[in-house]
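Structure first, then comments.
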Amino acid sequence: GAVVSQHPSRVICKSGTSVKIECRSLDFQATTMFWYRQFPKQSLMLMATSNEGSKATYEQGVEKDKFLINHASLTLSTLTVTSAHPEDSSFYICSAGGQRTGFYQSYEQYFGPGTRLTVT
Amino acid sequence: AQTVTQSQPEMSVQEAETVTLSCTYDTSESDYYLFWYKQPPSRQMILVIRQEAYKQQNATENRFSVNFQKAAKSFSLKISDSQLGDAAMYFCAYRSLGNQGGKLIFGQGTELSVKP
């Protein structure tokens, strides 16, 4: 159980275009999803936290108009990189958490396999 | 704000030997969770072990164990009988309890190589 998928796994786009990355929790409902960015040989940098049905909370320094996050359902969150530029090339990872079981809410996070974005 | 520090960018271990990865953290909270995650070349994050701060007993998962020193804010990972498949980036992470929604704070990572 607790599987999280990401689509696409790899994407190449031209500078100036927009790219959408999907994150799905396949076998549980996630009230909270997180989006991370990771450069080679570096740690995960949290970009934003999204709760189902409400606006995402962005970390300091992350441009919310550039990285649009939508969490429209309990199983799907999307990250759209708008007007992408080569410096946006990176590995993007989502995780899903906040699984509810009755009155209990778990904050355990389950990670997707990541999406490699290359902007040419 | 909480911080997590891994002071060893790279570590190496001989197959079948034991290696310890270091992690320190800073927090003013008394209750929290600590984690070690493994990220192999596939880059899929894999949970290795979890420690609840209120538990004095160190967590163990097969060949993986932790040395949790709450007063010293130290949380090291010991890998026994190292295997080639243990080669990966290892990240230490901190998570608050309460209303932060489960946000994880990661250390810089330690790249572990295993020599045959």
Checklist outcome for this item: Partner shielding of A:30-39, as the mean number of partner chain Cβ atoms within 10 Å, equals 2
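Calculate the dipole size of the protein assembly as shown relative to its Cα centre from +1 charges on Lys and Arg beta carbons and -1 charges on Asp and Glu beta carbons; express the result in debye to the nearest 20. Each step should come with its number before you reach the end.
Working: 22 positive and 20 negative charges, 66 e Å.
Dipole about the Cα centre, nearest 20: 320 debye.
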Item to check | Phi-based couplings in Hz for the stretch A:37-49 (Karplus 6.51, -1.76, 1.60; Gly and Pro marked x) | outcome: 10, 9, 8, x, 6, 10, 7, 7, 10, 5, 9, 6, 10
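In the structure displayed, which of B:LYS38/B:LYS73; B:LYS78/B:LYS103; A:LYS20/B:LYS115; A:LYS20/B:LYS38; B:LYS55/B:LYS115 lie more than 30 Å apart, Cα to Cα?
Values: B:LYS38/B:LYS73 21 Å; B:LYS78/B:LYS103 25 Å; A:LYS20/B:LYS115 40 Å; A:LYS20/B:LYS38 27 Å; B:LYS55/B:LYS115 35 Å.
Pairs exceeding the cut-off: A:LYS20/B:LYS115; B:LYS55/B:LYS115.
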Item to check | Accessible area per residue, Å², chain A with all protein chains present, probe 1.4 Å | outcome: 50 Å²
Item to check | Dipole of the protein assembly as shown, positive direction: furthest Cα of B:THR18, A:THR17, B:TYR90, with charges on the beta-carbon | outcome: A:THR17
Item to check | Pairwise burial B:A, computed as accessible area of each alone minus the pair, summed, 1.4 Å, Å² | outcome: 1700 Å²
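Could you work out the relative contact order of chain A, using alpha carbon pairs under 8 angstrom and six or more residues apart, expressed as a whole percent?
Numbers: 310 pairs, mean separation 42.7, N = 120.
Result for chain A is 36 percent.
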Checklist entry - Which value, in Å² rounded to 10, gives the accessible area of A:ASP27 with a 1.4 Å probe and all protein chains present? => result 80 Å²
Item to check | Ranking by accessible area, most exposed first, for B:SER42, A:SER15 with a 1.4 Å probe | outcome: B:SER42, A:SER15
Checklist entry - So, with +1 on the Cβ of K and R and -1 on the Cβ of D and E, and no other charges, what is the size of the charge dipole of the stretch B:22-116 about its Cα centre, to the nearest 20 debye? => result 80 debye
Next on the checklist: Can you give me the distance in nm between label points at B:SER113 and A:ALA72, each placed 7 Å from the Cα along the Cα-to-Cβ direction?
Outcome noted: 4.7 nm
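With only Lys, Arg, Asp and Glu charged, each at its Cβ (+1 for the first two, -1 for the last two), find how big the charge dipole of chain A is about the Cα centre; round to the nearest 20 debye. Mind dumping the intermediate values first?
Values: 11 positive and 9 negative charges, 46 e Å.
The dipole of chain A has a size of about 220 debye.
Could you work out the relative contact order of chain B, using alpha carbon pairs under 8 angstrom and six or more residues apart, expressed as a whole percent? If you can, show how the numbers build up before the last one.
Details: 285 pairs, mean separation 42.8, N = 116.
After rounding, I find 37 percent.
The values are calculated or read from the model by the stated rules, or taken from the named source; none is laboratory data. Note that the structure is predicted; figures quoted are calculated from it, not measured. Glycine also receives a Cβ, built like all others from the backbone with ideal geometry; neighbour counts cover every protein chain displayed. The area values use the complete protein model at the heavy-atom level, side chains included, leaving out ligands, DNA and RNA. Shrake-Rupley method; radii C 1.70, N 1.55, O 1.52, S 1.80 Å.
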